1. Of the residues Ile53, Ile24, only one is surrounded by 18 or more Cβ atoms within 10 Å (Cβ to Cβ), assigned to a strand (DSSP E or B) and outside the structural domain of Leu191 (by TED's automatic domain parsing); which?
2. Check whether at least one residue in the stretch 32-40 is within 16 Å of the ligand (Cβ to nearest atom), among the charged types (D, E, K, R), modelled with pLDDT of 95 or more and under 11 Å from Tyr229 (Cβ atoms), and report yes or no.
3. Just give me the residues in the stretch 117-139 being in contact with a strand residue (DSSP E or B) (Cβ under 8 Å, 6 or more places away or on another chain) and more than 13 Å from the ligand (Cβ to nearest atom), in sequence order.
4. Condition first: surrounded by 14 or more Cβ atoms within 10 Å (Cβ to Cβ) and either over 15 Å from Phe70 (Cα atoms) or not small (Gly, Ala, Ser) (or both). Now tell me which residues in the stretch 11-21 satisfy that.
Amino acid sequence: MARRKQIYEGKAKILFEGPEPGTIIQYFKDDATAFNNQKKAVLEGKGVLNNRISEFIMTGLERIGVPTHFIKRLNMREQLVRHVEIVPLEVVVRNYAAGSISKRLGIEEGTALPRSVIEFYFKSDELGDPLVSEEHITAFNWANPQEIDDMMAQALRVNDFLSGLFAGAGIKLVDFKIEFGRQYEGDMMRLIVADEISPDSCRLWDMETGHIMDKDRFRKDLGEVTDAYREVARRLGILRENE
Ligand code: C5P
């Protein structure tokens, strides 16, 4: 890695100052964490796969007019992205019950939800990213009502795009998490999709067999985590069959 200024180190990524103002380099690590950092491992090759998968998805989103922070992939582990002010919320969209909604509301995993459900979680490692309502978001000024509407509309567009993309690869999109950032240009501000979209942040089940192809393999100790990510990349046509 070239010498340059590190801005932030997260659980799965490192951010470095970019070559031009308003840009950042996002480096994908092999580290995996779950349950708010209680479980940790290094999964060799995960960062390389997530870099490619996230590039592929963000590029597809840009193509359908959903603005993202992605500019270009630089190498195996790095991409150039737009510098944004991250909205301190995780936006989750669910199509089928799994994970925390199953636990919280007692819905059997795999149950189709009556419609896609959007949830907001406050980004806080100390608090374990609690579920929050729109009331909390506006009262504590994490986002304003217009921004909430905008995030919900964009999240549903991302859901439509991703559901179709994965369905074409024989994969069911159970749920996913995205993050948004504020991009300032002069006195203009727009919300764009930031962070990453990868099997670390989605639940992906094989349509035929129900085989789990996402980070739940790590959370639930199912093994063969990167193999599953590689299979996702292959099915999306990002990797050739023998890669
Ligand atoms: O755990 P939960 O069921 O709330 O997760 C919903 C979706 O959000 C899953 O796809 C999970 O991988 C993703 N998620 C994430 N980062 C978190 C929490 C959840 O990517 N901190």
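The values are calculated or read from the model by the stated rules, or taken from the named source; none is laboratory data. Given the structure is predicted, the values throughout are model-derived calculations rather than measurements. Quick reminder, even Gly has a Cβ in these numbers, built from the backbone with ideal geometry, and neighbours come from all protein chains shown.
1. After ruling out the rest, the residue left standing is Ile24.
2. No: zero hits.
3. Across the stretch 117-139, the qualifying residues are Ser133, Glu134, His136, Ile137.
4. Selection gives Lys11, Ala12, Lys13, Ile14, Leu15, Phe16, Glu17.
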